[in-house]
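Undergrad: The structure's right below; bear with me while I get my questions together.
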Amino acid sequence: LGIINIKFHHSAYKFCFVRNPYEGAISLFNYLSMTGHIKGIDFEKFLDKVYLNKPLIVIYNHLGLNQTNPQTDWILDTNENFLVNKIFKIEGRSYG
């Protein structure tokens with residue numbers, strides 16, 4: 001997208017953190033419930049809504065909840081090659 005120099009991009013060490021997707025979904029549901037962004041739906045309905053209405057991934061999350069997309073959408077290119085050099089895994093619960 002021209003945001004960074006392509007030479008820098010190719011030489012940069014790129015990494016990401018992933019977490020158990022179920023724990024991430026529970027954490028997001030609790031966060032959105034506490035902040036009042038969702039009301040009157042249970043966890044199962046929330047999952048259905050996320051699955052059916054997840055927004056496109058964009059660089060900045062000002063258009064919605066693009067973090068509801070699968071983690072692989074963020075770290076694989078269109079040919080399913082890794083975009084990162086290292087993947088770290090986060091363990092443990094942080095349900096908000």
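Undergrad: Could you tell me the calculated FRET efficiency between SER33 and ASP77, based on Cβ-Cβ distance and R0 = 41 angstrom, to the nearest 0.05?
TA: Values: r = 34 Å, r/R0 = 0.84.
Rounded to the nearest 0.05, the efficiency is 0.75.
Undergrad: Now for a separate question. Output the 0 to 90 degree angle, nearest 10, between the alpha-carbon long axis of helix 21-34 and the longest principal axis computed from the alpha carbons of the chain.
TA: Between the helix axis and the principal axis of the chain, the angle is about 60 degrees.
Undergrad: What are the lysines whose alpha-carbon lies under 27 Å from the alpha-carbon of LYS89, with same-chain residues fewer than 8 places away excluded?
TA: LYS14, LYS49, LYS54
Undergrad: Please calculate the 1.4 Å probe accessible area of PHE82, with all protein chains present, and give it to the nearest 10 Å².
TA: 130 Å²
Undergrad: Okay, moving on. Using only Cα atoms, find the angle between the long axis of helix 43-53 and the longest principal axis of the chain, and express it within 0 to 90 degrees, rounded to the nearest 10.
TA: 40 degrees
Undergrad: Ordering ILE57, ILE4 from largest to smallest accessible area (1.4 angstrom probe), what's the sequence?
TA: Working: ILE57 65, ILE4 95 Å².
The ordering from most to least exposed comes out as ILE4, ILE57.
Undergrad: Hey, another quick one. At a threshold of 8 angstrom on Cα-Cα distance, excluding pairs fewer than six apart, so keeping six or more, what relative contact order does the chain reach in percent? List each step's numbers first, then the result.
TA: Working: 77 pairs, mean separation 44.8, N = 96.
Reported as a whole number, the value is 47 percent.
Undergrad: Roughly what would the spin-label model give for ALA25 and ILE87, points 7 Å off Cα along C-beta, in nm?
TA: Each label point lies 7 Å from its Cα, and together they span 1.8 nm.
Undergrad: Against the empirical 2.2 N^0.38 Å scaling, what ratio does the C-alpha Rg of the chain come to? Write down the numbers at each step before the final one.
TA: Details: Rg = 15.7 Å, N = 96, 2.2 N^0.38 = 12.5 Å.
My calculation over the Cα atoms of the chain gives 1.26.
Undergrad: Same structure, new question: Straight-line reach from LYS7: which aspartates and glutamates have Cα under 20 Å away, leaving out those fewer than 8 places along the same chain?
TA: ASP77
Undergrad: Also: Would you compute, from DSSP H runs of 4+ residues alone, the mean residue ellipticity of the chain at 222 nm, taking -39500 (n - 2.57) per run and dividing by the full residue count, rounded to the nearest 500? Walk me through the numbers before you get to the answer.
TA: Values: 4 runs with 35 residues, N = 96.
Counting only the DSSP helices, I get -10000 deg cm²/dmol.
Undergrad: Go through LYS14, LYS89 and list them by solvent-accessible area, largest first, probe radius 1.4 Å. Mind dumping the intermediate values first?
TA: On the way: LYS14 50, LYS89 150 Å².
Descending accessible area places them as LYS89, LYS14.
The values are calculated or read from the model by the stated rules, or taken from the named source; none is laboratory data. All figures in this text were calculated on a predicted structure; none of them were measured in a lab. Every residue, glycine among them, receives a Cβ derived from its backbone with ideal geometry; neighbour counts consider all protein chains shown. For the accessible areas, the whole protein counts, side chains as well, though only heavy atoms, and no ligand, DNA or RNA atoms are used. Shrake-Rupley method; radii C 1.70, N 1.55, O 1.52, S 1.80 Å.
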